[in-house]
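The values are calculated or read from the model by the stated rules, or taken from the named source; none is laboratory data. What you see is a predicted model, and the numbers here were worked out from it, not measured in a lab. Virtual Cβ from ideal backbone geometry, glycine too; neighbours counted across all protein chains shown. Just so you know, the surface numbers come from the protein's heavy atoms only, side chains and all, with ligands and any DNA or RNA stripped out. Shrake-Rupley method; radii C 1.70, N 1.55, O 1.52, S 1.80 Å.
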Amino acid sequence: MKQKDFELRENEKIKHTVFHHPIVVVPDLVISLLILILDFFLMYYLFLQGWWGVILFGAVILALAFYMLRLFFLYRKNKFIITNQRIIDFEQAGFFEKFVNEFPFLKIHESKAVIKGIGPTLFRYGNLKLILSQDLGPFELFKIAKPIKLQNIINEYINKAEAVKKPKDGVDPVSMVMAEVELLNKSQKEEVIRQIEQHLSKGTENVL
């Protein structure tokens, strides 16, 4: 299965697509709106100046339109995706410059939500740190909406990945099996149920 930005692996499914909190674009929107109001406020004066005033008035509107288009483009492209196997971070620096970081759950030790300040507390946004098992410093995702909820989701996937990786460390066998089942598609899960029912029926026959 192929996506626009990346290719899914076998039995991999997208669980969550996370964007930055809308608060990150508010300052740019406010400044753009003030400039637009000022441009229309000076429209009569600019039109009296002749052709160059008309051109300046139109140029301001075109520049703002381009800036808003770029702002919306970058907001939609800067995101991270949580699948049942990994986290993929997309950083779009410009129209033609993009960076992609990938973090399999087996290589993430822990995720931590960081909320500091009145604004983040009121509007429920903050940073999310991924503590990597093989790196010195954490990887940080900035100004994410509802970081505590995402922290719990990611840590749950980390625990499932660790349960699959270390089946002999006193892990509940039922939890281990369920972690494996989570990676299967619908038809494979139905096949597992069929085989379990068949196994249980054979066990009942042997008892009788």
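All of Lys98, Lys107, Lys112, Lys79 fail the test of being farther than 19 Å from Phe6 by Cβ and of a type in the set (D, E, K, R), apart from Lys112. Assess whether Ile118 counts as being at pLDDT 85 or above, in contact with a helix residue (DSSP H, G or I) (Cβ under 8 Å, 6 or more places away or on another chain) and not aromatic (Phe, Trp, Tyr). No, not satisfied. Do we find a residue being open to solvent by less than 70 Å² (accessible area, probe 1.4 Å), hydroxyl-bearing (Ser, Thr, Tyr) and either under 30 Å from Asn152 (Cα atoms) or out of contact with any strand residue (DSSP E or B) (no Cβ under 7 Å at 6 or more places or on another chain) (or both) anywhere in the stretch 48-67? No, the stretch 48-67 contains no residue that is open to solvent by less than 70 Å² (accessible area, probe 1.4 Å), hydroxyl-bearing (Ser, Thr, Tyr) and either under 30 Å from Asn152 (Cα atoms) or out of contact with any strand residue (DSSP E or B) (no Cβ under 7 Å at 6 or more places or on another chain) (or both). Within the set Arg124, Arg86, Arg76, the sole residue that is open to solvent by less than 80 Å² (accessible area, probe 1.4 Å) and among the charged types (D, E, K, R) turns out to be Arg86.
The residues of the stretch 121-161 that are over 13 Å from Phe80 (Cβ atoms), at pLDDT 85 or above and either in contact with a Cys (Cβ under 6 Å, 6 or more places away or on another chain) or among the small types (Gly, Ala, Ser) (or both) amount to a single one, Gly126.
Might you check whether a residue that is at pLDDT below 85, open to solvent by 100 Å² or more (accessible area, probe 1.4 Å), of a type in the set (Lys, Arg) and part of a loop (DSSP other than H, G, I, E, B) occurs anywhere in the stretch 167-181? Taking every residue of the stretch 167-181 in turn, at least one turns out to be at pLDDT below 85, open to solvent by 100 Å² or more (accessible area, probe 1.4 Å), of a type in the set (Lys, Arg) and part of a loop (DSSP other than H, G, I, E, B).
Quick check on my filter: what residues within the stretch 89-101 are open to solvent by 80 Å² or more (accessible area, probe 1.4 Å) and charged (D, E, K, R)? Glu97, Lys98 - these are the residues of the stretch 89-101 that are open to solvent by 80 Å² or more (accessible area, probe 1.4 Å) and charged (D, E, K, R).
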